[in-house]
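Derivation of every value follows stated rules applied to the coordinates shown; laboratory data play no part. Everything numeric in this text was worked out from a predicted model, so none of it was measured. FYI the Cβ positions are ideal-geometry reconstructions off the backbone, even for glycines, and counts take in every protein chain you see.
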Amino acid sequence: MEKIQQRQSSGGAVRVAALLSLMVLFACKPEAPVGPEDKKIYTPVSTLRGEAPFPVGTAVQSGRIDQSSYANLINKEFSSITAEYEMKQDVIHMGPGSYEWGSSDAIVDFGVKNSIRVHGHALLWHSSAPAWFDTYSGDNAAFEQMMKTYIQTVVTRYKGKVASWDVVNEAFEDGSGAYRNTIYYQKMGPDYIAKCFQWAHEADPDALLFYNDYGAEYDNSKRKAIVEMIEDLKARGIPIHGFGFQMHINYNWPSLSELTKALDALKATGLKIHFSELDVRMNPANDLTSFTEARALAQEERYREIVTLYKTLPAEQQFGITLWGIKDNESWLLNFWGNPEWPLLFDSDFRYKIAHRGMVEGL
Ligand code: XIL
């Protein structure tokens, strides 16, 4: 015993002990070291939902939210969810009068169970028009009646559970701001947008109704067309409560001054503003094969900048900011652009990227 005490008190023994514990540490180290060595990730000290004065959301899929890794993270960080694709018409509307509710119910139930706001997306979107529309044989009046029934069936089903809806998504052309020549436009005419808002409102007068689009961030003609459409609906007493900027942006485009101009133009309508599908492409020029520290820092700053910009809105116009996904490796952008990408706040192992720090600090 005495011997041991003597050894422990000697400087050499302390060094041996230190060396031994270092060896143990190294032995326990995971193969791909994480932590201070990797400056692209960090240990968070606060959460998005904890810091944000408005809801912060994420796009979700029913097949993931039943896994605890996703469910825990969503509950910790987010206070709003949007279905990434399972509340679109091609998933729900199987044929005239025929509906499939499994996935959308699962998502809405998840929100209700966890007291997370559910934003409905999207009642009408040309890209999710069901394939069977191509062979639909009814006339235009029958098609319009079918759309009314569809909208009112969906909105009624989730009345009191879904707080808000993107009623129409992407109705204008790029560059010109002309009405996009969709099947809805062809069969119902230019007033279809107003009709859809009216129908949705009749089904759930408490739901907040949004028009959602991309391009208003940087496309002057499209932005002008959207503002004119909103002002027209307002003047006619058609219930529209919000506008969603999708915000699929790049780390270096559009410029902050362009985004500020866009936000100010829509702010002037008095509607609630949703940054509804935020992600930040880090490799738009395809010049990266792996995510660099320099690009990660640029992303951190970009997220901080976007949140800071959003906070220039009056509180009553802050509907929230929704991220279009959780993990980089599951972003829709990978398939859409076919480049390596790292657009979101979490890496493929659910580790917190410093982009999260930028967003939290901006809040
Ligand atoms: C995308 C989803 O992320 C994909 O999973 C789906 O296959 C296609 O739609 N604008 C929108 C979103 O309004 O609904 C789109 O989401 C992305 C572009």
So the FRET efficiency between Thr289 and Gln67, C-beta based with R0 = 35 Å and rounded to 0.05, is 0.75
Under the rule of -39500 (n - 2.57) per DSSP H run of 4 or more residues, summed and divided by the residues of the chain, what mean residue ellipticity at 222 nm is obtained, to the nearest 500 deg cm²/dmol? -13000 deg cm²/dmol
Rounded to 0.05, the calculated FRET efficiency for the beta carbons of Glu37 and Asp264 at R₀ = 35 Å is 0.25
Neighbour-count ranking for Phe245, Phe336 (other C-beta within 10 angstrom, fewest to most) reads Phe336, Phe245
Cα pair distances exceeding 16 angstrom across the range 190-264, given as percent: 53
Using only the Cα atoms of the range 102-160, what do you get for the radius of gyration and for Dmax, in Å? 14.2, 43
Using Cβ contacts closer than 10 Å as the measure, can you line up His126, His93 from fewest to most? His126, His93
Helix axis angle, 192-203 relative to the chain longest principal axis, alpha carbon, degrees: 80
For Lys311 and Thr135, what is the calculated FRET efficiency with R₀ set at 41 Å and r taken between the beta-carbons, to the nearest 0.05? 0.25
For the chain, longest principal axis from Cα atoms; helix 68-77 axis from its Cα atoms; angle between them, nearest 10 degrees, is 80
Test of understanding: ordering Leu345, Leu313 by Cβ neighbours within 10 Å, fewest first, what list do you get? Leu313, Leu345
Show me 148-155, 234-241 ranked by packing, highest mean number of other Cβ atoms within 10 Å first. 148-155, 234-241
Global form of the range 296-352, assessed from the alpha-carbon gyration tensor, a/c cut-off 1.5: prolate
Taking only the C-alpha atoms, wrap a convex hull around the chain and report its volume per residue in Å³ as a whole number. 171
Spin-label pair Tyr218/Trp337, simplified geometry with 7 Å Cα→Cβ offset, distance in nm: 1.0
Helix 293-310 axis, angle to the chain major axis (alpha carbon atoms, nearest 10°): 50
Estimated inter-spin distance, Asn114 and Ser257, nm [label 7 Å along Cα→Cβ]: 4.1
